[in-house]
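Everything on this sheet refers to the single structure shown next.
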Amino acid sequence: MSARRGVRWRAAHLVAAAACVLGVVAARWAPPLSSSLWLDETGTVWLSRGSLGETLARALEYQGGSPLYYVIEWAATAVLGASEIALRLPSVIAMGAAALFLYLLGRRLFDAGTGAIAAVVFATLPLIGFAA
């Protein structure tokens, strides 16, 4: 196999892997975006209401999690409004970034194919879809 043909072959596989990840995101991560809120998300709404200072104060006083999460949620609801999609979109974006970083790590440690496989497997895990 010539070097040029090998590059085209690898590029085609990377495009296929990216399409798989995007397909999983569209099929498994996106539909729950508009479903009703659960108890923890209701708490997030309360914590991220008001000003940035109020959000930080509530996050530090009432939550054991990272205040940065609530600042991100505050920003999302400030821009997109207090809807289910606005509350869940930062998690979907973070999981997408995690899949990208996993691909980059696999590419750096092994090769692009291994990184693509790792990203596809990561994106298809049911627990990852739930967290996203």
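The values are calculated or read from the model by the stated rules, or taken from the named source; none is laboratory data. Just so we're clear, the structure is a prediction, and the values are computed from it rather than from any experiment. Don't worry about glycine lacking a Cβ; one is built from the backbone with ideal geometry, like all the others, and counts go over all protein chains shown. We work out accessible area using only protein heavy atoms, side chains counted, and drop any ligands, DNA or RNA first. Shrake-Rupley method; radii C 1.70, N 1.55, O 1.52, S 1.80 Å.
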Item to check | Residue count, segment 21-45 (criterion: outside any helix (DSSP H, G or I) and either at pLDDT 70 or above or of a type in the set (Phe, Trp, Tyr) (or both)) | outcome: 1
Checklist entry - For segment 70-132, list the helices (runs of 4 or more DSSP H) that sit wholly inside it and hold at least 3 residues that are open to solvent by less than 60 Å² (accessible area, probe 1.4 Å) and in contact with a Gly (Cβ under 9 Å, 6 or more places away or on another chain); which are they? => result 84-109, 112-124
Item to check | GLY65 open to solvent by 30 Å² or more (accessible area, probe 1.4 Å), out of contact with any Lys or Arg (no Cβ under 9 Å at 6 or more places or on another chain) and not in a helix (DSSP H, G or I) | outcome: yes
Checklist entry - Would a scan of segment 92-100 turn up a residue that is out of contact with any His (no Cβ under 7 Å at 6 or more places or on another chain) and over 30 Å from GLY50 (Cα atoms)? => result yes
Checklist entry - Which one of the conditions (1) open to solvent by 70 Å² or more (accessible area, probe 1.4 Å); (2) in a helix (DSSP H, G or I) does ALA59 fail to meet, given that it meets all the rest? => result (1)
Checklist entry - So, of the residues in segment 46-56 that are surrounded by fewer than 13 Cβ atoms within 10 Å (Cβ to Cβ) and assigned to a helix (DSSP H, G or I), which turns out to be modelled with the highest pLDDT? => result GLY53
